[in-house]
Amino acid sequence: MNLDFKSGEELLALCKETGCPISAVMRSREVTLSGRSVEEIDSEMAKNLETMKESVRKGLYEPKESVSGLSGGDAERLMHRAEKALMGEDMAMLIASSMAVVEVNAAMGRIVAAPTAGASGILPGVLLSCAKKHGWTDEMLLDALYTAGAVGMLIARNASISGAEGGCQAETGTGAAMTAAALAELSGGSPEVALTAAAIALKNVMGLICDPVAGLVECPCIKRNAIGAANGILSADLALAGIKSLIPFDEVVTSMKNVGRLMSADLKETARGGIATSPTGKAIRKQLGLNEE
Amino acid sequence: MENFGLFEIIGPRMVGPSSSHTAGAVRIGNMARKIAGGEVKKAELTLYGSFAETGRGHGTDKALCAGILGLAPDDERLRYSMLLAQEAGVEVTVIFSDETLDHPNTARIRITAPDGRETEVVGASIGGGNIRINELNGMNVEFSGDYPTLIVRHRDVPGVINHVTLVLAKEKVNIAFMQVFRHVRNLDAYMIIETDSPVSQEVCELIQSWSEDVTEVRSV
């Protein structure tokens, strides 16, 4: 059996053939391709999970200002409003947790890129918050990270996960798609439902540009992780409700890639467009002593 | 179509804020330290392109410094690396250059070892924490550091390649990629050999002791 699946369709075929969920197929693929044992890769993944937990905790309870001074403490602010939040306490905490990780990242703390540092908040923030509410064990969360990894790998392979190549849709869009698929599997959804959730998440932010103020991974990245977290859980719920994606996952991925190609380089991480070149964005750049483009 | 491993998607574990400007910079520094032989007395770090432009905000200078001190990309002491260097008695100079090189995220690292020997490495951070070493003591080279790498500096004369590969064959080290670089016939040359398993210090010494034509052997 060839475990090196190259598309969502091939992944679903493997799941069907083996009767296994996406996480199990992805685990076998990694063992086959890396030549490492199941125990080795599980222990590597467990380290990632530990680092994720630590980054959420630090961002929420020990907030620090970033090196530039542009960010820090917003996750804590939202957490303090969580009980009164219009979106409900659970949702507010889930979003605060996601923002927390990216704030830790901006303050030169330790995070797990998932799939990138700029989009590192969505997956841990959402998974760990939901785990608390639903009593998901670490073992279940590890499986979920494999599922998320499968979706991220397919997008990286067939489109891109880099802001410089595909804009923010490729970073926080992928983070949300990975999260949506992981949540769907954790909630008992079939592999088809998981990929539907991922497809919906990618479609929701198709065309989103990467326009970091002063070229730094802070503004708007931290808030883009907030909306990315909402996108992830929303897409999972839509798919779990039986709502279909008219366009299949693989075609959505290809469309995202094509949109990335059409996007001007000014809108892909170069800080030459979007809010990065707004009068305030430019002023901040100057104030930080960075050269003007 | 490029293939990705699981831990390129969920990972790396790293100190932020940027996989290219921070984690990749640490790895370039790590590589320069190893190529210089593992001990650093003095280091000059020059940042180019986007490294120079947004390096301060991304901690690229601190990351390069952490790298030459041997810190890993996920070591939280990274933000205090300049202080650590001072404590360790390593003299570090940082230069933000406005010169443009081929790749936007490029750093040049000049290391002086305790014995006075100088090593100069130019590396680029090409995304997701991955790097390419482009220049070694003025010679254009190309390797990623993803594999155990054997760097052999030698005189460009017949027989050296044969000798090196023979030693590796005897030690059952499988070669994944191999490249030879030189400026001028008969003079200084480099062999970059990426292997599936690491090459031990003993094997390095075996290669080095063969002839005067081999001037330096490093396993990184």
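Extension gain for the segment A:Met206 to A:Ser7, taken as residue separation times 0.36 nm less the Cα-Cα distance, is 69.7 nm to one decimal.
Note the full-extension length gain between B:Ile175 and B:Glu118 as 0.36 nm times their separation in residues minus their Cα-Cα distance, in nm to one decimal.
Full extension of this stretch gives 17.7 nm more.
Among the trypsin sites (Lys or Arg not before Pro) within segment A:197-293, those in coil by DSSP and having at most 14 neighbouring Cβ atoms inside 10 Å are A:Lys244. Estimated from helical segments only, the mean residue ellipticity of chain A at 222 nm is -21000 deg cm²/dmol, where each DSSP H run of four or more residues counts as -39500 (n - 2.57). With a Förster radius of 41 Å applied to the C-beta separation of B:Leu83 and B:Gln201, the computed FRET efficiency comes to 0.80.
Stretching A:Glu40 away from A:Glu251 to a fully extended chain increases their span by 72.5 nm, per 0.36 nm per residue minus the current alpha-carbon distance.
Using the Cβ-Cβ distance between B:Thr100 and A:Arg81 with R0 set to 30 Å, the FRET efficiency from 1/(1 + (r/R0)^6) comes to roughly 0.05. For chain A, the longest principal axis of the C-alpha atoms and the axis of helix A:22-34 are separated by about 90°.
Each principal axis of the Cα cloud of segment A:36-287 was taken in turn, and the coordinate range along them, longest first, works out to 50, 43, 41 Å.
Seen against the Cα atoms of chain A and their longest principal axis, helix A:168-186 is set at about 40 degrees. Could you state the angle between the C-alpha long axis of helix B:49-58 and the longest principal axis of the C-alpha atoms of chain B, as a value from 0 to 90 degrees rounded to the nearest 10? It is inclined by approximately 50 degrees. Given +1 at the Cβ of Lys and Arg, -1 at the Cβ of Asp and Glu and no other charges, the dipole of segment B:149-219 around its Cα centre is 180 debye to the nearest 20.
Residue by residue along B:49-59, Cβ atoms of other protein chains within 10 Å of the local Cβ number 6 on average.
Computed from label points 7 Å out along Cα-Cβ, the spacing between B:Lys42 and A:Lys286 is 4.0 nm. If only the Cβ of Lys and Arg carry +1 and only the Cβ of Asp and Glu carry -1, the dipole of the protein assembly as shown around its Cα centre is close to 800 debye. Here is how the number arises for chain B: DSSP H runs of 4 or more residues each give -39500 (n - 2.57), the sum is divided by the residue count, and the result at 222 nm is -7500 deg cm²/dmol. Qualifying GluC sites (Glu not before Pro) in segment B:1-61, where qualification requires a DSSP coil assignment and no more than 10 other C-beta atoms within 10 Å, comprise B:Glu2. Carbon and sulfur atoms: what percent of the 1.4 Å accessible area of chain B do they account for? Its accessible area is 47 percent carbon and sulfur atoms. Taking the accessible area of segment A:36-287, probe 1.4 Å, and keeping the other protein chains in place, the carbon and sulfur fraction comes to 55%. By the Kirkwood approach, averaging reciprocal distances over each pair of separate Cα atoms, chain B gets a hydrodynamic radius of 17.9 Å.
If only the Cβ of Lys and Arg carry +1 and only the Cβ of Asp and Glu carry -1, the dipole of chain B around its Cα centre is close to 160 debye.
What separates the Cα centres of segment B:1-60 and segment A:250-272 is a distance of 25 Å. Per-residue shielding of A:103-111, expressed as the average number of other chain Cβ atoms within 10 Å of the residue Cβ, stands at 6. Take each residue in A:117-124, count the other chain C-beta atoms within 10 Å of its C-beta, and the mean is 3.
The values are calculated or read from the model by the stated rules, or taken from the named source; none is laboratory data. These numbers come from a predicted model, not from an experiment. Quick reminder, even Gly has a Cβ in these numbers, built from the backbone with ideal geometry, and neighbours come from all protein chains shown. Note: areas computed on protein heavy atoms with side chains; ligands, DNA, RNA excluded. Shrake-Rupley method; radii C 1.70, N 1.55, O 1.52, S 1.80 Å.
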